[in-house]
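Structure record follows, encoded as structure tokens.
Only the coordinates and a few stated rules stand behind these numbers; no lab work does. Note that the structure is predicted; figures quoted are calculated from it, not measured. Every residue, glycine among them, receives a Cβ derived from its backbone with ideal geometry; neighbour counts consider all protein chains shown.
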Amino acid sequence: MKILLKGGRIVDPSQNIDSTMDILIEGDTISRIENTIDPVAGAQVFDLKDKVVSPGLIDMHTHLREPGFEYKETIRTGSEAAVAGGFTAIACMANTEPVNDNRSITEFILKQARLADMAHVYPVAAVSKGLKGKTLAEFGELKDAGAVALSDDGNPVEDSGLMKNALEYAYSLGMPVISHCEDKGLASGGVMNEGLVSTLLGLQGIPNIAEDIMTSRDIAIAGYTGTSVHISHVSTAGSVRAVREAKKMGIKVTAETAPHYFALTDDALKGYSTDFKMYPPLRSREDTEAIMAGLQDGTIDAIASDHAPHSTIEKDVEFDYAANGIIGLETSLSVSMKLVDEGILSLGQLIEKMSTNPAAILKIPKDTLQKGATANITVIDTHKVWTVDSERFRSKSRNTPFQGWQLKGKAVLTIVSGKVKYSEMG
Ligand SMILES: [Zn+2]
């Protein structure tokens, strides 16, 4: 099987390339990348004039819901949504049922991913047994089974002593710890951002400090122990500030945000739609601006979807009772393209935050368009204008806040290990 990608604009921050070139894929490998490659016998040819060829995008924060909640999503439907959104690899969180806190669940996830044969799936295992925050899971065994990182995501690790032990144990094994920063006491009872809008709507608010305090705590623990920590879904100006200061001090902290934290504010909740309810909540204009500044100056290393599928059973209820979370795999790239259009990031910087940096943080093989590399490739049509229609999603769930949005820029061809897994290329 040979594929020839002709005339695309190759943007690969991993090797500082931004120029028009051809790529030949043979089997699962990039066999040539040259200014011009003449037609090769038997190769499927894609004319990529005016398209961008990127190393495969990597979403480091998704919830695939299997095992336990297959009515929301399965590893198959989630990885189909991933390739449709341009992702050749995704990392999935441990809050399944049973929780991914042991070898057999990690192995089950990897087996289901192999059967689905879509995107590469990297399991993130739990920090604590049952996500209960009491006893650490067996990190060594989980690493052996194929888990790449550790997180109690969905829950914070409330006990600071346990978090300290987790960071030290994980660091000794070379495994990143991904922290869901939430002070339960401060967030308690809240369903949206605390501010003018929550007052207007009469909904209980969650103050920024519920996130800020835990971000600062985890940075303090990483600094004290000389270990590293990754802060997930940054939503507040305070978290951005804390991460920026910590990086200046040489503390090994990395951070991600999600597209909704720069594309939306808590104003969006004025219609009480539960498709705008997630944790952390949509914040104020001041916060979204701080997040964009943090993306621009490198404080925030990565953009991840925090794809969190829920069925209508959990979402078509009163706001107070609705589940937290929105889906994002099929809109993440397009919503993030707004940062390029507005001049906040270059296209290369966006690709860095959606491919190169997530790979480095997770310590998984980075996608790169070098000769000899595995052919994980995303082709982006930066001019394509399309309207979000959740009925057309590959995901099993429909809980998107971007329904009906007109977006510019879209993945139109996704190649995983040399095989076309998604194509809008006619
Ligand atoms: Zn979380």
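For the chain, find the longest principal axis of its Cα atoms and tell me its angle to the long axis of helix 285-296, 0 to 90°, nearest 10. So the inclination is approximately 40 degrees. Restricting the chymotrypsin sites (Phe, Trp or Tyr not before Pro) of the stretch 36-119 to loop positions (DSSP other than H, G, I, E, B) with no more than 15 neighbouring Cβ atoms within 10 Å leaves TYR71.
Here is the size of the stretch 1-65 from its Cα atoms: Rg then Dmax, 13.6, 45 Å. Using modelled backbone amide H atoms (1.01 Å from N, in-plane), which distant-in-sequence or interchain residues come within less than 5 Å of ASP59's amide H? Under 5 Å from the amide H of ASP59: ALA89, ILE90, ALA91. Sorted on the mean count of surrounding Cβ atoms within 10 Å across their residues, most packed first, peptides 118-126, 264-272 read 118-126, 264-272. Each peptide in 187-194, 33-40 receives the mean, over its residues, of other Cβ atoms within 10 Å, and ordering these scores from highest gives 187-194, 33-40.
Axis angle, to the nearest 10 degrees, between helix 237-248 and the longest C-alpha principal axis of the chain: 70 degrees.
Evaluated over the Cα positions of the stretch 38-196, the convex hull gives a direction-averaged projected area, one quarter of its surface, of 14.3 nm². By the Kirkwood approach, averaging reciprocal distances over each pair of separate Cα atoms, the stretch 348-413 gets a hydrodynamic radius of 14.3 Å. Only alpha carbons enter this Debye calculation for the chain, each as an equal point scatterer, and the log10 of I(q)/I(0) it gives at q = 0.06, 0.08, 0.09 Å⁻¹ is -0.22, -0.40, -0.51.
What does the C-alpha gyration tensor say about the overall shape of the stretch 107-194? Classify as rounded when a/c is under 1.5, otherwise prolate if a/b is larger than b/c, or oblate. Judged from the Cα gyration tensor, the stretch 107-194 comes out oblate (a/c at least 1.5, b/c at or above a/b). Pairs of Cα atoms nearer than 8 Å and 6+ residues apart set the relative contact order; for the stretch 283-375 it is 24 percent. Highest mean packing first, where packing is the average number of other Cβ atoms within 10 Å per residue, the peptides 17-23, 301-307 line up as 301-307, 17-23. Scalar couplings 3J(HN,Hα) for the stretch 346-360, obtained by applying the Karplus form with A = 6.51, B = -1.76, C = 1.60 to θ = phi - 60°, are 7, 4, x, 5, 4, 5, 4, 6, 10, 8, 5, 5, x, 5, 5 Hz; x denotes Gly and Pro. Here the Debye sum runs over all C-alpha atoms of the stretch 166-262 as equal scatterers in vacuum, and log10 of I(q)/I(0) at q = 0.19 Å⁻¹ comes out as -0.88.
Ranked from largest, the principal axis spans of the Cα set of the stretch 259-379 equal 54, 31, 24 Å.
Cross-link partners for LYS363 among the lysines, with Cα-Cα distance under 18 Å and sequence neighbours closer than 8 places in the same chain left out: LYS143, LYS252, LYS353. Between 0 and 90 degrees, the angle of helix 75-84 with respect to the longest Cα principal axis of the chain falls at about 60 degrees.
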